[in-house]
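All remarks here apply to the structure that follows.
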Amino acid sequence: MVARTSEKNEGEIAARQAAFAILSHAAPDELKRLWEEAGLPSQAHLLRGPEIGLVTLRGRIGGGGAPFNFGEATVTRATVRLSDGSVGHSYALGRDKEKAKLAAIADALWQDPTRRAEVEVKILEPLRAAAAAAEKKRRAETAASKVDFFTMVRGED
């Protein structure tokens, strides 16, 4: 018999994944600034790292061809345990160890239902807003360079 997670657990897993994603994509300086402003604890017992390593990037020709090794990317990961026993993880492209540690602490704090709202309001919402603003700017810059091509018919052939 296969055990299935409840919808509540699936929703919580999806929410944690979204939080994890926004933390991993955050600009290091922005995350550090928000962390200082929030006054959240930055002390935790390091279980792993922060450590820097490489991951292999895989690609496909045309999105559907045979997979091939495209190259490698530097990634930093960290795992921390807070004083209450919560464990948090983080993975982020690049070599910023402090960002990885703060993201792991944020993940651990987010898992505590009593601290989740604080992390959401003070850290994740501003990061989501900054990401949305950057995406809007990128789309505007792309739209400004759009060229509309059209064909004129010249007479009857």
Looking across the range 40-67 at residues that are among the polar types (S, T, N, Q) and either over 23 Å from the mean Cα position of the chain (by Cα) or part of a loop (DSSP other than H, G, I, E, B) (or both), the single one that is farthest from Val121 (Cα to Cα) is Gln43
Going through the range 68-123 in order, the residues found to be within 22 Å of Leu54 (Cα to Cα), aliphatic (A, V, I, L, M), touching a helix residue (DSSP H, G or I) at 6+ places or on another chain (Cβ under 6 Å) and assigned to a helix (DSSP H, G or I) are Leu102, Ala103
Where residues in the range 110-146 are of a type in the set (A, V, I, L, M) and crowded, with 22+ Cβ neighbours inside 10 Å, which of them is farthest from Ser86 (Cα to Cα)?
Ile123
Going by the conditions given, is Leu102 surrounded by 12 or more Cβ atoms within 10 Å (Cβ to Cβ), at pLDDT 90 or above and more than 18 Å from Glu120 (Cα to Cα)?
no
Filter result for Ala117 (of a type outside the set (Val, Ile, Thr), in contact (Cβ under 8 Å) with a residue 24 or more places away in the chain and closer than 19 Å to Leu34 by Cα):
no
Only one of (1) part of a loop (DSSP other than H, G, I, E, B); (2) touching a residue at least 12 places away in the same chain (Cβ under 8 Å) fails for Asp148. Which number is that?
(2)
Gly85 vs (1) on the phi < 0 side of the Ramachandran plot; (2) surrounded by fewer than 18 Cβ atoms within 10 Å (Cβ to Cβ): all pass except (1)
Show the residue pairs meeting these rules: Cβ distance below 6 Å; 6+ apart or different chains; first residue within the range 44-70 and on the phi > 0 side of the Ramachandran plot; second residue surrounded by 11 or more Cβ atoms within 10 Å (Cβ to Cβ) and part of a strand (DSSP E or B).
Gly49/Arg77; Gly49/Ala78
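The values are calculated or read from the model by the stated rules, or taken from the named source; none is laboratory data. A quick note: this is a predicted structure, and the numbers were derived from the prediction, not measured. Neighbour counts run over all protein chains shown; Cβ positions are idealised from the backbone, glycine included.
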